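The values are calculated or read from the model by the stated rules, or taken from the named source; none is laboratory data. The structure presented is a predicted model; accordingly, all values stated were derived computationally and were not measured. Here the Cβ positions follow ideal geometry from the backbone for every residue, glycine too, while neighbour counts run over all protein chains shown. Each accessible area value is taken on the protein alone, full model and side chains, heavy atoms only, with ligands, DNA and RNA left out. Shrake-Rupley method; radii C 1.70, N 1.55, O 1.52, S 1.80 Å.
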Amino acid sequence: MALIAIVTTLKAGYDIEKQEMNNLGIKVGDRFTVTDIDMGQSSTSIYLEEHSGSFNSVFFEFEENGEEINIYSDDRYNPYLSMYDDCDEKNLQ
């Protein structure tokens, strides 16, 4: 099933991002199908089926199969989690 982004705020992010959300008529509670996630170390871009370009993840919460999901703690979406799969605590000291 698809990952869904749900708009939870329009008061986060940079002013230009808030203005773009407003220009597109996006409202709190709107739901969009996520086509891609580009998670960086300091920002995460969300790509939506219904709109071109990317959006700051701070505007959204996510659900999959009707259940809330934290994309930041799920290694399917956060590539940094899998970087440490082969490490154990002894190797990190």
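Which residues, counting only those in the range 13-38, are farther than 14 Å from Ser54 by Cβ and part of a loop (DSSP other than H, G, I, E, B)?
Within the range 13-38, Gly25, Lys27, Val28, Gly29, Asp30 qualify.
Can you name every residue in the range 1-13 that is modelled with pLDDT under 95 and open to solvent by 60 Å² or more (accessible area, probe 1.4 Å)?
Met1 - this is the single residue of the range 1-13 that is modelled with pLDDT under 95 and open to solvent by 60 Å² or more (accessible area, probe 1.4 Å).
Sort out which residues of the range 21-52 are more than 17 Å from Ser73 (Cα to Cα), of a type outside the set (A, V, I, L, M, F, W, C) and in contact (Cβ under 8 Å) with a residue 24 or more places away in the chain, and write them in order of number.
Selection gives Asp30, Arg31, Thr33, His51.
So, of the residues in the range 29-73 that are farther than 14 Å from Thr8 by Cβ, in contact with a helix residue (DSSP H, G or I) (Cβ under 8 Å, 6 or more places away or on another chain) and not small (Gly, Ala, Ser), which turns out to be surrounded by the fewest Cβ atoms within 10 Å (Cβ to Cβ)?
Ranking the qualifying residues of the range 29-73, first place goes to Gln41.
Can you name the residue in the range 74-93 that is surrounded by 10 or more Cβ atoms within 10 Å (Cβ to Cβ) and not in a loop (DSSP other than H, G, I, E, B) and, of all such residues, is modelled with the lowest pLDDT?
Applying the filter and picking the extreme gives Ser82.
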